[in-house]
Amino acid sequence: MIQEHDPKRLAQIALVVLLIIGCITVLLPFVGAVLFAFVVWICTWPFYAEKLLPRLGGRDTLGASLMTLALVLVMLLPTLFLAGSLANGADKLIDFIKPYIDQGLPASPPDWLSALPFVGSEIDSNWHRLAGDRTELNAAIKQLIAPARQLALALGGIAANGLLQLALVLFVTFFLYRDGAAISNALYIGARKLGGELGENMLDKARGTVVGVMLGIVGTAAAQGTVAMLGFLIADVPAAVLLGFATFFLSMIPVGPPLIWGGAAAWLYGEGQTGWAIFLVLYGVFVISSIDNFVKPILIARGAGLSILLIALGVLGGVLVFGFIGIFLGPVLLALGHMLLNRWLREEPSA
């Protein structure tokens, strides 16, 4: 009897495996967006389920629409606004550089640039050489144009892809809110079938780690935005509040804040306020950007209940392996591994 049913059993297993491979292949281009949608859903579900949905009388479609609209206002519109501001800033930077291209460099570099340790003398000699030879200056500019154009195209592609992914995240999140109760119940049933009590504990641990990581990211962004705004106000940079919000949003990107305070320092230098430009560069390097290295691991470790070492290794390793979504996946994987290791070490062999 077993021999008779073996081919049928193998065919069923093969069919299931092929189905799983097919599903993974179809969803593979959207894995990052879907996972990030799950992150947003997990972090905002308590507010939606406990605060908003009861006030709407349990109408989940209306509640999902309102939550998605709120996320659009919080995530998508500021991103579009900042993209427009960066494009405007790029135009101003071109206007700032254009006179140097048309008229050539001044005879001597600024004193503070020549006085830089280690590299000041080299900058001074190269500056005099380029300023005295217009042909060599034009050749140097032409060499920089092609990489700058490629960089601009790459940044434009990244921005367009980011907006597309963000729109997909919001689309998926709507359905997660609408069917959230059923999805949550299915996740716990699946975890219970796979691992019993341990499976449920692992699911709770993953949820707590995701919330802790999001708390660390948002908390660090708020700290960087606030500190940056104070620096802009001290240096009397126009639109300091707007630049502070821009720092808050771009702090999600590793090189985001330097784009803001670096651009502000360049503007100050162009206005002849060299001292304030130097102050803002030092303030940006040692205060604004350093917050990310100290505050984020502490907040994530406190929210997720993990050691700072595991959090730091999880975030860095996750980003290197999975990209942006690795910020969440790395700590979650290490948290689950740490939980399984502790569970195994506590277990004693039975008599």
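The values are calculated or read from the model by the stated rules, or taken from the named source; none is laboratory data. Being a predicted model, the structure only gives us computed values, none of them experimental. Quick reminder, even Gly has a Cβ in these numbers, built from the backbone with ideal geometry, and neighbours come from all protein chains shown.
Can you pull out the helices (runs of 4 or more DSSP H) entirely within the stretch 1-74 that have at least 3 residues that are farther than 23 Å from residue 179 by Cβ?
Values: elements: 2-27, 31-47, 60-71.
In the stretch 1-74, 2-27 are the helices (runs of 4 or more DSSP H) which contain 3 or more residues that are farther than 23 Å from residue 179 by Cβ.
What's the total number of residues in the stretch 263-286 that are farther than 19 Å from residue 223 by Cβ and either crowded, with 17+ Cβ neighbours inside 10 Å or without any contact (Cβ under 8 Å) to a residue 60 or more places away in the chain (or both)? Full working, then the answer.
Step one: of the stretch 263-286, the residues farther than 19 Å from residue 223 by Cβ are 263, 265-279, 281.
This time we only want the ones that are either crowded, with 17+ Cβ neighbours inside 10 Å or without any contact (Cβ under 8 Å) to a residue 60 or more places away in the chain (or both), so: 263, 265-269, 271-273, 275-277, 279, 281.
Summing the residues that are farther than 19 Å from residue 223 by Cβ and either crowded, with 17+ Cβ neighbours inside 10 Å or without any contact (Cβ under 8 Å) to a residue 60 or more places away in the chain (or both) in the stretch 263-286 gives 14.
Of 193, 142, which residue is in a helix (DSSP H, G or I) and either aliphatic (A, V, I, L, M) or at pLDDT below 70 (or both)?
On the way: 193 fails: either aliphatic (A, V, I, L, M) or at pLDDT below 70 (or both).
One residue alone meets the criteria, 142.
The residue list 204, 179 contains one member that is of a type in the set (Asp, Glu) and over 30 Å from residue 344 (Cα atoms), which is 179.
Cβ-Cβ contacts under 6 Å between residues 6 or more apart (or on different chains), taken from a first residue in the stretch 213-232 that is closer than 20 Å to residue 319 by Cβ to a second residue that is of a type in the set (Phe, Trp, Tyr) and assigned to a helix (DSSP H, G or I), are listed as 213/328; 221/248.
Right, residue 44: surrounded by 14 or more Cβ atoms within 10 Å (Cβ to Cβ), under 25 Å from the mean Cα position of the chain (by Cα) and at pLDDT 85 or above or not? Give the steps one after another, and end with the answer.
Working: surrounded by 14 or more Cβ atoms within 10 Å (Cβ to Cβ): yes; under 25 Å from the mean Cα position of the chain (by Cα): yes; at pLDDT 85 or above: yes.
Considered against the rule, which asks whether it is surrounded by 14 or more Cβ atoms within 10 Å (Cβ to Cβ), under 25 Å from the mean Cα position of the chain (by Cα) and at pLDDT 85 or above, residue 44 comes out as yes.
Name the residue, out of 63, 120, that is modelled with pLDDT of 90 or more and either more than 25 Å from the chain's Cα centre (by Cα) or not assigned by TED's automatic domain parsing to the domain that holds residue 170 (or both).
Details: 120 fails: modelled with pLDDT of 90 or more.
Exactly one residue qualifies, and that residue is 63.
Can you tell me which residue among 235, 186, 182 is small (Gly, Ala, Ser) and either over 30 Å from residue 62 (Cβ atoms) or modelled with pLDDT under 90 (or both)? Break it down into steps so the answer makes sense when it comes.
Details: 186 fails: either over 30 Å from residue 62 (Cβ atoms) or modelled with pLDDT under 90 (or both); 182 fails: either over 30 Å from residue 62 (Cβ atoms) or modelled with pLDDT under 90 (or both).
Unique residue meeting the criteria: 235.
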